[in-house]
Amino acid sequence: MDFKTSFLADTKSLFLEGKKDHMGSYLYSTPNPEIQDDPAKGEVYYMELISKNSNYYLYREEIELINQVYPKMASYVPPEASIIEFGPGTDKAFKNKSLPFLKAVKNLKSYIPVDICQTYLDDSEAILKEELPQVSVKTINSDFIKNVDLVKDFPNPVVFFKGSTITNLSIENCLAFLTRIGQALQPNGLLIVGVDSNQNESSLRQAYDDGKMANLTESILYFINRDLPVTGFNPYGFQYLFNWDSEKHCVEHNVKATEDQEFVLDNTPVKVKQGQKFHLLSSYKYPIDYFQSIAKQAGLKPKDCLVHEDGRMVIHILGV
């Protein structure tokens with residue numbers, strides 16, 4: 001299933017079936033340069049979140065952690081590995097997180113960044129060709145959550161998955177994703193993954209509920225309006241809602257309709273009532289032992305766990 005078909009199917013599930021917690025893949029939209037002040041600009045809103053909210057600790061603390069432990073991370077990578085990065089991120093994220101790690105890997109054979117955001121792919125390729133010209137680079141424009149099997153196409157695969165992006169997946173989906181990764185990494189691959197384990201509601205609210213995550217979450221609605229076959233839809237008719245569910249270790253990112261709407265989505269009539277809530281995505285905050293238990297259920301073997309001094313950001317190294 002191609003990206004647009006998947007996007008349409010997930011949007012129909014959202015509005016027609018009330019499906020929850022499944023729209024995270026559509027956060028990082030790229031603005032259309034032909035549209036003045038295009039609001040479908042998730043990648044721009046994400047940059048504002050990480051650069052203009054001093055309480056958004058995830059990005060800063062993961063940079064600090066990786067720059068402290070990248071030699072240890074690299075020591076687990078086998079010779080002539082193919083490093084497949086799920087979500088290289090912005091040029092700044094790539095330079096500060098991925099690049100130190102990649103430079104520390106001995107005899108790196110190839111680097112394969114995978115993302116739905118073409119800007120992120122282009123930036124990572126350009127930077128690596130300048131910094132490590134001997135390394136082969138193959139960019140893949142794809143939703144890595146749904147296309148894990150691409151890992152099988154490369155020898156000696158090591159999946160690098162920073163940014164705590166895996167915590168956008170529910171417990172059930174995380175288990176399914178890790179199971180598929182484990183199968184794709186056979187017989188001797190490796191998964192290096194960043195996870196946020198924070199359980200403090202106050203710091204989570206400061207990180208997410210200052211308006212910038214609202215812009216990022218709501219950008220999914222603008223993306224729907226711009227790129228899908230929809231008429232009569234008002235993406236501005238919704239308001240962001242933060243919710244922390246401590247039992248599920250979950251920050252919910254919701255939107256609530258501020259008005260009644262009737263629109264047509266791919267020839268299907270849709271009605272939205274004022275006050276109706278839609279759970280677009282989540283940020284799960286998995287404690288270390290809890291995440292490792294999920295990994296073990298998925299058939300993966302915890303090899304190491306590298307923790308930031310503040311105890312929130314964690315790098316898990318998992319084998320098969």
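A few notes on this one:
- Against the test of being surrounded by 20 or more Cβ atoms within 10 Å (Cβ to Cβ), farther than 30 Å from Leu318 by Cβ and touching a residue at least 60 places away in the same chain (Cβ under 8 Å), the options Ser197, Ser219 yield a single qualifying residue, Ser219.
- Filtered residues of segment 270-288 (kept if more than 17 Å from Leu8 (Cβ to Cβ) and either of a type in the set (A, V, I, L, M) or part of a strand (DSSP E or B) (or both)): Lys271, Val272, Lys277, His279, Leu281, Ser282, Ser283, Tyr284, Ile288
- Candidates Pro88, Pro133, filtered to the one that is without any contact (Cβ under 8 Å) to a residue 40 or more places away in the chain, part of a loop (DSSP other than H, G, I, E, B) and surrounded by 22 or more Cβ atoms within 10 Å (Cβ to Cβ): Pro88
- Pairs with Cβ under 9 Å, 6+ apart, first in segment 45-64 and assigned to a loop (DSSP other than H, G, I, E, B), second of a type in the set (Gly, Ala, Ser): Asn53/Ala207; Asn53/Gly211; Asn55/Ser203; Asn55/Ala207; Tyr56/Ala207
- Annotation: Gln274 fulfils all but one of (1) out of contact with any helix residue (DSSP H, G or I) (no Cβ under 9 Å at 6 or more places or on another chain); (2) surrounded by 19 or more Cβ atoms within 10 Å (Cβ to Cβ); the unmet one is (2).
- Going through (1) among the acidic types (Asp, Glu); (2) closer than 27 Å to Leu221 by Cα; (3) assigned to a loop (DSSP other than H, G, I, E, B) one by one, Glu80 falls short only on (2).
- Which listed residue, of Pro269, Pro235, Pro287, is on the phi < 0 side of the Ramachandran plot and crowded, with 16+ Cβ neighbours inside 10 Å: Pro235
Each value in this text was obtained by applying a stated rule to the coordinates, not by laboratory testing. Keep in mind that this is a model prediction, so the values were computed, not measured. Reconstructed Cβ throughout: ideal geometry from the backbone, glycine too, with neighbour counts over all protein chains shown.
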